1. Could you grab me the full set of residues in segment 44-58 that are in contact (Cβ under 8 Å) with a residue 40 or more places away in the chain, open to solvent by 30 Å² or more (accessible area, probe 1.4 Å) and closer than 24 Å to G209 by Cα?
2. Could you check I407 against (1) in a loop (DSSP other than H, G, I, E, B); (2) open to solvent by less than 60 Å² (accessible area, probe 1.4 Å); (3) touching a Lys or Arg at 6+ places or on another chain (Cβ under 9 Å) and say which number it fails?
3. Determine whether K345 is part of a helix (DSSP H, G or I) and farther than 20 Å from A23 by Cβ.
4. Looking at segment 36-58, which of its residues are more than 28 Å from T332 (Cβ to Cβ), part of a helix (DSSP H, G or I) and either among the hydroxyl-bearing types (S, T, Y) or out of contact with any Ser or Thr (no Cβ under 7 Å at 6 or more places or on another chain) (or both)?
5. Consider only pairs whose beta carbons are under 8 Å apart and that are at least six residues apart or on different chains; among these, list those whose first residue lies in segment 175-200 and is closer than 15 Å to V219 by Cβ and outside any strand (DSSP E or B) and whose second residue is at pLDDT 95 or above and open to solvent by 10 Å² or more (accessible area, probe 1.4 Å).
6. Among the candidates F368, F387, single out the residue that is open to solvent by 30 Å² or more (accessible area, probe 1.4 Å) and at pLDDT below 95.
7. Going by the structure shown, is P335 open to solvent by 20 Å² or more (accessible area, probe 1.4 Å), under 23 Å from the mean Cα position of the chain (by Cα) and within 30 Å of L182 (Cα to Cα)?
8. Among the residues of segment 364-399, which ones are outside any helix (DSSP H, G or I) and either under 22 Å from G93 (Cα atoms) or touching a Phe, Trp or Tyr at 6+ places or on another chain (Cβ under 9 Å) (or both)?
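The values are calculated or read from the model by the stated rules, or taken from the named source; none is laboratory data. Remember, predicted model here, so these are calculated numbers, not experimental data. FYI the Cβ positions are ideal-geometry reconstructions off the backbone, even for glycines, and counts take in every protein chain you see. For accessibility, only protein heavy atoms count, side chains too; no ligands or nucleic acids. Shrake-Rupley method; radii C 1.70, N 1.55, O 1.52, S 1.80 Å.
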Amino acid sequence: MAEFTMELNDEQKEVRDWIHGFAADVMRPAAAEWDEREETPWPVIQEAAKIGLYSLDFYAQQFFDPTGLGIPMAMEELFWGDAGIALSIVGTGLAAVGVLANGTEEQIGTWVPQMYGDPDDVKVAAFCSSEPDAGSDVASMRTRAVYDGAKDEWVLNGTKTWATNGGIAGVHVVVAVVDPELGSKGHASFIVPPNTPGLSQGQKFKKHGIRASHTAEVVLEDVRVPGHCLLGGKEKLDERLARARERARSGGERVKNAAMATFEASRPAVGAMAVGTARAAYEEALEYARTREQFGRPIIDNQGVAFQLADMRTQIDAARLLVWRASWMATTGKPFTSAEGSMSKLYASEVAKKVTAQAVQILGGNGFTREYPVERMHRDAAIYTIFEGTSEIQRLVISRTLSGMPIR
């Protein structure tokens, strides 16, 4: 078991610097354009694929880093480059995590490579869980999956929303209800292969931030998928549902559903994304404060500005510490006895919103214009307290874990 350390090894530093170079040289020059276009930056994704940054092998190497720091380190550098483009590059990873967390070895080997494609034919994937009436309240999910035993097929009907890459993806991973009486414990995840009839893109959302990332509804109308597209397989599902029914009758412990397993695994990574955006805004504000003069001296010479920057840097470093701790714990198999994963996501998200707002304030009127990137960073940062579990839900998870009480 790897010991917790804040010192990256030489290999990790090399990877970090490589990603940072791509973020600085490729992502940042393109960021404003794709933010304005509000379109998926396919050329940038292809450039990432050509150097191996957008690939199953790269993310597998980071995922299996024994220290747990590979993924958060990579996320921080990419989102330091630009949050919208970065989310287009890493959005496929949430679907991949869904398969890795719930699928069989055969399913992982079959579907995860198809999610990425290759440098000459880049693909993306989508994880579809949220619905118009079921975001944080996953128990209210309405999308249904009904098993057709005669054909060994599952029939999916429903509408998903807020799906990154929804509709433009090749592979969609869809969470659906298989036993409505069990609430969130009656959910399962399904692979919907490319070009499956009945799956279509609904509304594409025009967003406040992360506008280079495609977000849309996914409509499922009598979508039929083969039995082997149920993640984990039917035998495993039947056993899990039987245990859930027995626990429901006896009032026993709760079991986690497939969507929650995916979100728990990804929360520290989202915290790292927020750290990257916050760090980028802080660095812009620091450089501006050093060079911008008012009343005959740089504005950083004023305590009102200097103290803000001191607080910004302190909060960013604290957020990174929480993210790295949670990532190390997850990798080394240590249980989140105090909801450390949710802590990392909660704090880093709040820091990103606060730091980017302070950066806009330090730049003054310039910070409010699109001529300077902090305006975009501030808009992008707003998403971190919302997606993959709002800040309110994170506080609920933490308080329930600490108290052992069913706090509502």
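1. Quick first cut of segment 44-58, residues in contact (Cβ under 8 Å) with a residue 40 or more places away in the chain only: 44-46, 48-50, 54-56.
If we keep only those that are open to solvent by 30 Å² or more (accessible area, probe 1.4 Å) too, we end up with 46, 50, 56.
Q46, the sole residue that qualifies.
2. (2)
3. Working: part of a helix (DSSP H, G or I): yes; farther than 20 Å from A23 by Cβ: yes.
It is true that K345 is part of a helix (DSSP H, G or I) and farther than 20 Å from A23 by Cβ.
4. The initial filter retains those residues of segment 36-58 that are more than 28 Å from T332 (Cβ to Cβ), namely 36-51.
Going one step further and asking which of them are part of a helix (DSSP H, G or I), we end up with 36-37, 42-50.
Across segment 36-58, the qualifying residues are E36, R37, W42, P43, V44, Q46, E47, A48, K50.
5. Correct list of pairs: T196/R224; P197/R224; G198/E221; G198/D222; G198/R224.
6. Values: F368 fails: at pLDDT below 95.
It is F387.
7. In short, yes.
8. Within segment 364-399, the subset outside any helix (DSSP H, G or I) is 369-373, 386-390.
Hits for segment 364-399 are Y372, I386, F387, E388, G389, T390.
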